[in-house]
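Comments concern the structure below.
The values are calculated or read from the model by the stated rules, or taken from the named source; none is laboratory data. Remember, predicted model here, so these are calculated numbers, not experimental data. No Cβ is skipped: glycine too gets one built from the backbone with ideal geometry, and neighbour counts run over all protein chains shown. Note: areas computed on protein heavy atoms with side chains; ligands, DNA, RNA excluded. Shrake-Rupley method; radii C 1.70, N 1.55, O 1.52, S 1.80 Å.
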Amino acid sequence: MIAIKSIFSDEFLPYGKVLTEYPVDDCIAVLKSLPCPEQGVNYSPSEPTLEALPLAVQLQDSFYGGMPIQMGLCNGHNGTLNCLEYHRDSEVDIFADEAVLLVAHQWQICGETLDTHCVKAFAVPAGHAVELYATTLHYAPCTPQKGQCFRACIVLPRGTNTDVPHSPKVGAEGALLWARNKWLLAHPDAPEAAAGAFVGLTGENIRLW
């Protein structure tokens, strides 16, 4: 069983930071009003009810320095690593429920593969926002226990996680390009691997439950 540490611990500092300067109460209220799937994970890159909040303007103008953003919805039930992804920028995650983030460093990728022994787990209490740095590998949040549902807002530059560009893929990293601004390494056991994603995770497919 992987050890789970807190996002408030020093061990989390190389991966991201807790954001306290942005008011997230309205965002969390919207998240709680949206239905949670009975099983599996649902992800939508852009959720209009979230993007209509004043917080969207604050994050776009301040956190992302004027870059156009999207505020998406990720919710459901998950206890397995399955994949790790990265973007060319930080990601902001806002949680209505407690969750666990499974993360690693981009620089730990060696020859387009990463051993899952590099993965660390961090608990996020309900009601908190977290920045994950561009160099932090991550994927869908997990819940600490089976039967729990997590609800999160995922903030990224607009267009991220939509259809991949049709331009030629350059270099070895090109094989990892799975969606727009999304480079993905899948575990052999993951559904994404069966769908054609690059198999780049070796070792155990980490499970919390």
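For the stretch 119-178, which trypsin sites (Lys or Arg not before Pro) are in a loop by DSSP, counting at most 13 other Cβ atoms within 10 Å?
Working: sites: K120, K146, R151, R158, K169; in loops: K146, R158, K169.
Here the sparse-neighbourhood loop sites are K146, K169.
What are the GluC sites (Glu not before Pro) within the stretch 97-203 that DSSP puts in a loop, where the Cβ has at most 12 other Cβ atoms within 10 Å? Intermediate values should be presented prior to the final figure.
On the way: sites: E98, E112, E131, E173, E192; in loops: E98, E112.
Of the GluC sites (Glu not before Pro), not one in the loops of the stretch 97-203 has a Cβ with at most 12 other Cβ atoms within 10 Å.
Net charge near P37: determine it from the other residues with C-beta under 14 Å of the C-beta of P37, scoring Lys and Arg +1 and Asp and Glu -1.
Numbers: positive: R151; negative: E38, D97.
Taking every Cβ under 14 Å from that of P37, the sum is -1.
Rounded if a/c is under 1.5, else prolate if a/b is larger than b/c, else oblate: which is the stretch 144-209, with a ≥ b ≥ c the root eigenvalues of its Cα gyration tensor?
Numbers: a/c = 2.84, a/b = 1.34, b/c = 2.11.
It is oblate, given that a/c is not under 1.5 and a/b is not larger than b/c.
Please report, largest first and rounded to whole Å, the three semi-axes of the ellipsoid equivalent to the stretch 121-178, where each semi-axis is the square root of five times an eigenvalue of the C-alpha gyration tensor. Show your work: numbers first, answer last.
Details: eigenvalues 170, 35, 30 Å².
Equivalent ellipsoid of the stretch 121-178: 29, 13, 12 Å, largest first.
Could you point to the label whose value was computed as percent of Cα pairs over 31 Å apart for the structure here, given (1) 13; (2) 31; (3) 24?
Label (1) holds the value from this structure.
So in the chain, which Cys have no other cysteine's beta-carbon sitting under 4.7 angstrom from theirs?
C27, C74, C83, C110, C118, C142, C153
Count the net charge of all other residues whose Cβ sits under 13 Å from the Cβ of R151, scoring Lys and Arg as +1 and Asp and Glu as -1.
Details: positive: K32; negative: E47, D93, D97, E98.
Surrounding charge for R151 is -3.
Give the accessible surface of the chain per residue, rounded to a whole number of Å², with probe radius 1.4 Å and ligands, DNA and RNA excluded. Kindly include the intermediate steps, with their values, before the conclusion.
Numbers: 9600 Å² over 209 residues.
For the chain, the solvent-accessible area averages 46 Å² per residue.
So how do T160, T49 rank on accessible area, 1.4 Å probe, biggest first, that is with the largest at the start? Don't skip to the end; give the middle numbers.
Working: T160 0, T49 65 Å².
Sorted by accessible area, descending: T49, T160.
Report, ordered by chain and residue number, the aspartates and glutamates lying within cross-link reach of K169, taken as a straight Cα distance under 16 Å and ignoring same-chain residues fewer than 8 apart.
Once the sequence-local aspartates and glutamates are set aside, what remains near K169 is E112.
Restricting to DSSP loop positions (anything but H, G, I, E, B) with no more than 15 other Cβ atoms inside 10 Å of their own Cβ, which GluC sites (Glu not before Pro) remain in the stretch 18-76? List each step's numbers first, then the result.
On the way: sites: E21, E38, E51; in loops: E21, E38.
Sparse-neighbourhood loop GluC sites (Glu not before Pro): E21, E38.
Per the 1.4 Å probe, what fraction of the accessible area of the chain, in percent, lies on carbon and sulfur atoms?
Working: 5240 of 9600 Å².
Of the solvent-accessible surface of the chain, carbon and sulfur hold 55 percent.
Classify the stretch 1-101 as rounded, prolate or oblate, taking a ≥ b ≥ c as the square roots of the eigenvalues of its Cα gyration tensor: rounded when a/c is under 1.5, otherwise prolate if a/b is larger than b/c and oblate if not. Please list the in-between numbers first.
Numbers: a/c = 1.63, a/b = 1.16, b/c = 1.41.
It is oblate, given that a/c is not under 1.5 and a/b is not larger than b/c.
Where nothing but the Cβ of Lys and Arg (+1) and of Asp and Glu (-1) is charged, how large is the charge dipole of the stretch 50-209 around its Cα centre, in debye to the nearest 20?
On the way: 9 positive and 16 negative charges, 24 e Å.
Dipole magnitude for the stretch 50-209 comes out near 120 debye.
List, largest first, the extents of the alpha carbons of the stretch 44-149 along their principal axes, each in whole Å.
Principal-axis extents of the stretch 44-149 (Cα, largest first): 40, 35, 21 Å.
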